[in-house]
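Take a look at the structure below.
The values are calculated or read from the model by the stated rules, or taken from the named source; none is laboratory data. Not measured: the values here are computed from a predicted model. Because the Cβ atoms are built from the backbone with ideal geometry, glycine has one as well, and the counts that use them run over all protein chains shown.
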Amino acid sequence: MSQPQPIDVPETLDQNPAAGEQPRDVRGKSQGQLVRQRFFGNRGAVVSLAVLLFIVVLSVSSLGIGAIPGWWKWSPDATGTVLDGGRPTLSLLPPGLGEHPFGQDNLGRDLFAMAMQGTQYSLVVMIVVGLVAGLVGTVVGGLSGYFRGWTEAVLMRLTDVIIIIPLVILAALLGRLAITWVRAHGLPTFATVVALGLLVGLASWPPLARLVRGEFLTLREREFVDAARLAGASSGRIIFKHILPNTVGVITVNITLLMSSAILLETALSYLGLGIQAPDWSLGRLISENQTAFATRPWLFWWPGVFIVAIALTINFIGDGLRDAFDPRQRKFNPKRAREVGSGADEHGRGAVHATAASSSSAGGHSHDGAHGAADGDAGTAPVDGRSGQ
């Protein structure tokens, strides 16, 4: 009969509690830790976040913000002598910015300063639109999805009315109202930018509201919500404690998409002359002012376009990373990773088969030897004096 094999006990466990040693405290990771780990494990999202932070720091530090001055010597409205036809002085080998790294326009204004001011204003509009649209869309979608009835009917009909109006037309109308109101009250340019973002955000929330409503409709019927309702929890507690935390992923991802769309919408409005007005600059206004010089001085058109594309792409990649972090089931299929996992599973399976076969043959050998031993024992105990045969 084969001897039982000893069981391997992990070293992390306490094999002798009587010796006074305390077992190691093993704790799982929280949802926030898992989300951060998945997000920072996404190379594209991390690179996009680094690029976006670089653009933000560059635009803020170069021209300054408020009463804090920047390190760049030219202001967006300062004119000067056009040097070398206004060509960019940016050099990679050897690295250097030169006098006008992005070039000059026909009045001698520095394009780098104008692009940095346009980037600042575009980022402010993007952030304000994301905050306003995210807040309004979450409130409208959450209330209509949880309470149903006449609340849902009124809010969803309002959403349908707004969503059928073309966003560019609605944003252009609201943007013109914002600019007119701010100028009539003599407010500074920053107030114009914030008002533009506020009104554009009020026109951008319906898609998010519909998504949040769908999530609330699904979650309000789940077992944990029924248990909280039976325990006597109020509607506010159920919404903020049980349902809303489970929709954070959907809300966050869609807010990033709204922000990406907002910077493109602001660019379109400024290009059409319905956004930020002179003497201030936005990236869309830079493209609009310099579109006639595309063939002769293309750098006046390139650099604003580069910043628009870079900001929009980085926001989209960050949104993809957040989506995968909050819901790993939506990750894109990776054939290379699938082959690696499949080959590892095959090797593990073959090893298990060999181990099973070896243990079976070993057990069979022990049984065969035991049978021979039993037969020999029986033969050895048989009487040999011949009297038993009688």
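Checked against the criterion of being assigned to a loop (DSSP other than H, G, I, E, B) and either within 28 Å of the chain's Cα centre (by Cα) or of a type in the set (A, V, I, L, M) (or both), the candidates 308, 276, 287 yield just one match: 276.
Going by what's in this entry, would residue 122 be described as free of Cβ contacts under 8 Å to residues at least 60 places away in the same chain, of a type in the set (S, T, N, Q) and not in a strand (DSSP E or B)? Spell out the reasoning first.
On the way: free of Cβ contacts under 8 Å to residues at least 60 places away in the same chain: no; of a type in the set (S, T, N, Q): yes; not in a strand (DSSP E or B): yes.
No, not satisfied.
If I ask for residues that are among the aromatic types (Phe, Trp, Tyr) and over 23 Å from the mean Cα position of the chain (by Cα), which ones from region 187-229 would you list? Working first, answer last.
Start the filter on region 187-229 by keeping residues that are among the aromatic types (Phe, Trp, Tyr), which leaves 190, 205, 216, 224.
190, 224, listed by residue number.
Going through region 221-237 one residue at a time, which ones are in a helix (DSSP H, G or I) and either β-branched (Val, Ile, Thr) or on the phi > 0 side of the Ramachandran plot (or both)? Across region 221-237, the qualifying residue is only 225. Which condition number does residue 228 fail, the rest of (1) within 18 Å of residue 171 (Cβ to Cβ); (2) modelled with pLDDT of 90 or more; (3) hydrophobic (A, V, I, L, M, F, W, C) being met? For residue 228, the failing item is (1).
Collect the residues in region 144-180 that are under 16 Å from residue 198 (Cα atoms) and touching a residue at least 60 places away in the same chain (Cβ under 8 Å), keeping them in residue-number order. Passing the criteria: 167, 168, 171, 172, 175, 176, 179.
Filtered by the rule that a residue be at pLDDT 55 or above and surrounded by 10 or more Cβ atoms within 10 Å (Cβ to Cβ), region 1-22 gives a lone residue, 21. Within the set of pairs 6 or more residues apart or between chains, which connect a residue that is without any contact (Cβ under 8 Å) to a residue 12 or more places away in the chain inside region 221-242 to a residue that is surrounded by 11 or more Cβ atoms within 10 Å (Cβ to Cβ) and not polar (S, T, N, Q) with Cβ atoms less than 8 Å apart? Going by the 8 Å Cβ cut-off, the qualifying pairs are 229/238; 233/241; 233/242; 237/228.
Among the residues of region 195-214, those that are crowded, with 16+ Cβ neighbours inside 10 Å, touching a residue at least 40 places away in the same chain (Cβ under 8 Å), touching a Gly at 6+ places or on another chain (Cβ under 8 Å) and part of a helix (DSSP H, G or I) comprise 196, 200, 201, 206, 207, 208, 209, 210, 211, 212, 213.
Could we say that residue 192 is assigned to a helix (DSSP H, G or I), closer than 30 Å to residue 276 by Cα and free of Cβ contacts under 8 Å to residues at least 60 places away in the same chain here? Steps first, please.
On the way: assigned to a helix (DSSP H, G or I): yes; closer than 30 Å to residue 276 by Cα: yes; free of Cβ contacts under 8 Å to residues at least 60 places away in the same chain: no.
No, not satisfied.
Taken over region 51-89, the residue count meeting the criterion of being of a type in the set (A, V, I, L, M, F, W, C), surrounded by 12 or more Cβ atoms within 10 Å (Cβ to Cβ), at pLDDT below 90 and not in a loop (DSSP other than H, G, I, E, B) is 2. Which of the residues spanning region 90-109 are touching a Pro at 6+ places or on another chain (Cβ under 6 Å) and either in a helix (DSSP H, G or I) or surrounded by fewer than 17 Cβ atoms within 10 Å (Cβ to Cβ) (or both)? Across region 90-109, the qualifying residue is only 90. The single residue among 180, 189 that is of a type in the set (Ser, Thr, Tyr), out of contact with any Phe, Trp or Tyr (no Cβ under 9 Å at 6 or more places or on another chain) and farther than 18 Å from residue 271 by Cβ turns out to be 180. Cβ-Cβ contacts under 7 Å between residues 6 or more apart (or on different chains), taken from a first residue in region 297-320 that is farther than 13 Å from residue 115 by Cβ to a second residue that is assigned to a helix (DSSP H, G or I) and β-branched (Val, Ile, Thr), are listed as 312/263; 314/51; 315/256; 318/256; 319/253; 319/256.
Look at residue 248 and say whether it is out of contact with any Cys (no Cβ under 7 Å at 6 or more places or on another chain), surrounded by 20 or more Cβ atoms within 10 Å (Cβ to Cβ) and not basic (Lys, Arg).
Numbers: out of contact with any Cys (no Cβ under 7 Å at 6 or more places or on another chain): yes; surrounded by 20 or more Cβ atoms within 10 Å (Cβ to Cβ): no; not basic (Lys, Arg): yes.
Spelling it out, it is not the case that residue 248 is out of contact with any Cys (no Cβ under 7 Å at 6 or more places or on another chain), surrounded by 20 or more Cβ atoms within 10 Å (Cβ to Cβ) and not basic (Lys, Arg).
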